[in-house]
Amino acid sequence: MTQRERRTTADERPASWSRGRRFMLRVPIFVILLGILVYVSNATTVSWNNEPTGQTIASLDAGTAVTFDNPRHVALHRIGDFDVTERTTYVTATRPATGEKQRIRVLIREPERTTDTSSATPSGKLPGVVFMHGAGHGGTPDDSFGDVATSMASAGFVTAVIDKPIWSTNDVTRDYPASAAAYDQVVDLLRGLDDVDGDKVGIYATSESTWISSYLLRIDPDIAFQILLSPMVYTPRQSLGFLAAQDFALVGANDGYQSIVRRVFSADATVIGLTNFDLADIPNTAAYSIPTFVAYGSKDVMTAQVEGTETIFDLARKAGNTNVTVRAYPIANHVMRLGSDEEAGTPFADDYANDLTDWAVGTVAGLTQTSERVAGDSLYQSIAVPVDLTARRGATIYGLALHDSMLVMLLVDLIMTIAAAIVTLRARLGRRPRRNALGFAHGFGNALLTLTLTTLATLLLFAAGLGQVIMGVVRLAWGSAPDDDPGIMQWSWPVIQIVCTLVVWAWSGVFARLIEVATLRGILQWPPRAGSIRDVVSGREPVLASTRLGRVLFWITAATMLHILLFFAFWGLFVY
């Protein structure tokens with residue numbers, strides 16, 4: 001083809017589109033893109049009923065003391081009546097699921113028996129208590145329950161604190177039935193001691209271990225009594241879902257972040273091999289079929305105190321047990337302390353240690369309680385427990401696939417961006433400097449850079465907002481008051497929604513421009529204009545870029561940014 005013919009052909013090509021025509025194409029593209037994202041957000045939405053809110057149980061007595069009718073004048077020992085001695089022994093616990101064995105140290109504290117007539121000495125066989133660890137990967141006799149175990153021993157109990165049975169499990173793969181069997185070994189160990197009354201051995205369970213105690217009481221109904229500190233009455237899915245939802249609200253997080261809680265706790269964790277989200281037969285009547293002392297702190301933001309108490313009383317009644325005592329302590333947190341139990345010397349709240357010890361002493365003596373069953377501070381619960389929360393397998397599989405592919409795309413895009421940066425740097429520093437080394441045409445390079453930076457900045461804002469929520473929840477869990485000004489966790493959600501919508505509108509403009517340029521090049525007509533595809537591929541008349549690296553970078557980056565938008569959609573940012 002001669003130069004004249006080429007010029008003539010170029011002159012015959014259609015001119016650029018008018019603004020009206022571009023707008024008419026851009027609108028349906030925007031509607032389609034936004035429609036897909038809105039559909040994903042609504043399809044992954046989990047219904048959640050917080051009603052009734054603000055539930056309370058009024059205390060029958062502001063005092064927390066536990067008293068008994070004692071017509072036979074049985075000696076009711078109190079904390080400090082006896083000196084305490086310590087000794088160590090060991091048991092080997094086997095995890096049935098894997099055959100793993102763990103050598104467990106048992107620290108036994110007991111009242112000192114002496115022939116010194118000037119010292120108090122216990123007589124006869126003594127009751128015993130086995131202490132069960134709460135959440136956390138570790139836990140040894142040296143860093144757990146030292147003060148309360150010593151206190152109960154000084155009141156006449158033989159106490160046992162052990163290494164936490166964990167084998168090769170972690171916080172999310174804990175084997176609760178195996179742990180229950182391990183604790184029962186220690187119960188049997190105490191029962192077999194010469195100075196222990198085998199019919200009067202009880203347990204002290206806190207937080208997570210109250211799930212274990214439910215299994216323990218099913219395999220060993222002869223446990224004499226139980227002391228439950230901040231019990232997790234419902235399944236982990238329901239209990240932790242309640243915890244997160246309540247705490248997100250208390251710290252002042254935007255309602256949008258609540259949608260994250262709902263999606264997380266509707267996940268089917270069995271897809272990734274985790275089976276502890278939905279424990280079988282919890283709650284159950286066997287778990288509350290024996291004399292039970294329940295303690296809550298008013299600053300505990302982790303447990304459903306009102307519904308939990310009601311459920312415990314209901315299940316105990318069905319099991320034929322009328323011996324349930326509940327005490328609520330003002331200012332106390334989840335571990336019944338006035339601060340973090342990670343700090344040495346943090347005291348228990350009020351008379352907690354005295355009350356539980358007095359209750360245990362009177363209970364093992366077989367006396368009738370004269371104090372109120374529910375006493376101390378009034379119980380309060382901000383929202384309902386999500387008892388109808390269930391696993392959603394389809395949404396879980398989609399979410400995992402989306403997040404995995406997004407991470408892969410981000411990695412690939414990072415590699416491509418580094419390669420493009422190296423090429424651009426070399427071109428600008430070469431003998432014949434070139435600014436557009438990637439060959440982007442029609443403004444697509446600038447559009448891609450702007451949209452990428454905007455999308456990534458929005459992702460960082462999302463991470464910052466969620467991070468502040470999580471930090472606020474952690475501080476709240478350890479007794480700190482929520483900030484008066486929630487800050488970024490409150491305003492970031494609507495800002496992200498607005499920015500995401502604008503980004504979708506901008507992408508619709510990019511795609512409309514692509515269609516326009518491709519049409520002008522003759523690629524989208526049928527049949528395509530002769531030589532148009534060859535000219536585009538060779539870079540002589542590019543649609544996107546004249547270089548292959550530029551074209552690959554564009555499409556990989558575009559796909560990555562759209563994955564991020566789908567990520568936002570999955571977590572509910574396109575629910576308006």
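No value in this document is a laboratory result; all are computed from the given coordinates. Nothing here was measured: the structure is a model prediction, and the numbers come from that model. No Cβ is skipped: glycine too gets one built from the backbone with ideal geometry, and neighbour counts run over all protein chains shown.
Report the FRET efficiency, 1/(1 + (r/R0)^6), for residue 58 and residue 417, where r is their Cβ-Cβ distance and R0 is 51 Å, rounded to 0.05.
Numbers: r = 62 Å, r/R0 = 1.22.
With a Förster radius of 51 Å, E is 0.25.
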Contour minus Cα-Cα span, residue 453 to residue 429, at 0.36 nm per residue, comes to 6.2 nm
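Suppose we keep just the DSSP beta bridges with both residues in the range 253-400; what percent of those would be antiparallel, to 5? Let's see the in-between values first.
Numbers: 1 of 11 bridges.
That works out to approximately 10 percent antiparallel.
Which three semi-axes in whole Å describe the equivalent ellipsoid of the range 180-324, each the square root of 5 times a Cα gyration tensor eigenvalue, listed largest first? Spell out each step's value before the answer.
Values: eigenvalues 202, 60, 35 Å².
After scaling each eigenvalue by five and taking roots: 32, 17, 13 Å.
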Once the in-chain neighbours fewer than 8 apart are removed, the lysines whose Cα is under 19 Å from residue 125 read 200
To the nearest 20 debye, the range 317-436 has a Cα-centred charge dipole, built from +1 on Lys and Arg Cβ and -1 on Asp and Glu Cβ, of 1720
Taking max minus min of the Cα coordinates of the range 322-436 on each principal axis, largest first, gives extents in Å of 97, 41, 26
Percent antiparallel among DSSP beta bridges confined to the chain, nearest 5, equals 45
Simple SL model, points at 7 angstrom along Cα→Cβ for residue 45 and residue 461; separation in nm is 2.2
Distance in Å, no decimals, from the C-alpha centre of the range 487-515 to the one of the range 387-428 is 18
Note: residue 323 to residue 264 extended length (0.36 nm per residue) minus current alpha-carbon separation gives 17.5 nm
Checking rank on 150-160, 417-427, with mean other Cβ inside 10 Å and highest first, the result is 150-160, 417-427
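Counting helices only, and only those DSSP H runs with n ≥ 4, report the 222 nm mean residue ellipticity of the chain as the sum of -39,500 (n - 2.57) divided by its residues, in deg cm²/dmol to the nearest 500. Show your work: numbers first, answer last.
Numbers: 14 runs with 256 residues, N = 576.
Computed ellipticity for the chain at 222 nm equals -15000 deg cm²/dmol.
Among 372-385, 84-97, what's the highest-first ranking by average C-beta atoms within 10 angstrom per residue? The partial results should precede the final answer.
Values: 372-385: 19.7, 84-97: 13.9.
Ranking, from highest mean packing down: 372-385, 84-97.
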The alpha-carbon center of the range 132-156 and that of the range 216-267 are separated, in whole Å, by 23
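State the antiparallel share, in %, of DSSP beta bridges confined to the range 59-381, rounding to the nearest 5. Kindly include the intermediate steps, with their values, before the conclusion.
Details: 18 of 44 bridges.
Antiparallel: roughly 40 percent of the beta bridges in the range 59-381.
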Filtered hits (aspartates and glutamates, Cα-Cα < 18 Å from residue 164, offset >= 8 within chain) -> 100, 142, 143, 147, 175, 184, 188, 208, 341, 342
Here the equivalent ellipsoid of the range 59-381, derived from its Cα gyration tensor, has semi-axes (largest first, whole Å) of 32, 24, 18
